[in-house]
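For reference, the structure is listed below as structure tokens.
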Amino acid sequence: MKNSKNTHSSKFNIYVMEGTETSPHILFDADQGLFQMSGRSHPEDYHSFFAPLIEIIEEYVKKPQKKTLMNIYMEYINTGSSKYFIKLLIAMKSVVNEGYEIEINWLYDESDDSMLEIARDFETVLKVPFNFIEVEE
């Protein structure tokens, strides 16, 4: 992936992917139970972008922290990305099924109704409550 820097440290269980114009910045710290994603998501190859992240999450949910915090602040998600977002969120939701806690904070710009609507759709599909946090522009 051009202009992308991926860092994965198994010692500290940290995964970082620097954002680009077409892909979001990602920070996943398994030791802290923290997942953050922000930016734009319309990569050329959805599978190549999301597959490693989903794989890491599937490993995490085998031994999650008592509480997992997800902070998501997206400017744009296209249709292809939204399908992978659902897969990613479903993978992360499995911690709830095992009796662990998950908090999903979806941040959105106050004038961006489309990102709020996408998040509400995700919440409906997952059947896990989201915290919707409006950010002033």
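Do you know the Lys pair count in the chain for C-alpha distances under 21 Å, with sequence separation 8 or more or different chains?
Taking the Cα cut-off of 21 Å, the pair count is 18.
Using 0.36 nm per residue, how much length does the chain from SER48 to GLU103 gain when fully extended, once their Cα-Cα distance is taken away?
Gain on stretching SER48 to GLU103: 17.1 nm.
Taking the Cβ of GLY39 as the center, what net charge do the other residues with Cβ under 10 Å away carry, scoring Lys and Arg +1 and Asp and Glu -1?
Here the charged neighbours net out to -2.
Rounding to the nearest 20 debye, state how big the charge dipole of the stretch 1-128 is about its Cα centre with +1 on each Lys and Arg Cβ and -1 on each Asp and Glu Cβ.
540 debye
Around ASN78, which amide H atoms from residues at least 5 apart in sequence, or from another chain, sit under 5 Å from its own amide H, with H modelled in the peptide plane?
SER41
Where Rh is the Kirkwood radius over the Cα pairs of the stretch 40-135, the temperature 25 °C and the viscosity 0.890 mPa s, what D in µm²/s does Stokes-Einstein return?
In µm²/s, the coefficient rounds to 177.
Could you point to the residue in PHE122, HIS42, MET74 farthest towards the positive end of the stretch 40-135's charge dipole, with +1 and -1 charges on the Cβ of Lys/Arg and Asp/Glu respectively?
PHE122
Before rounding to the nearest 500, sum -39500 (n - 2.57) across all DSSP H runs of length at least 4 in the chain and divide by the residue total; then give [θ] at 222 nm in deg cm²/dmol.
Mean residue ellipticity, 222 nm, calculated: -11500 deg cm²/dmol.
Bear in mind these aren't lab numbers, they're just calculated from the coordinates by the rules spelled out. Being a predicted model, the structure only gives us computed values, none of them experimental. Note that we place each Cβ from the backbone using ideal geometry, even for glycine, and neighbour counts take in every protein chain shown.
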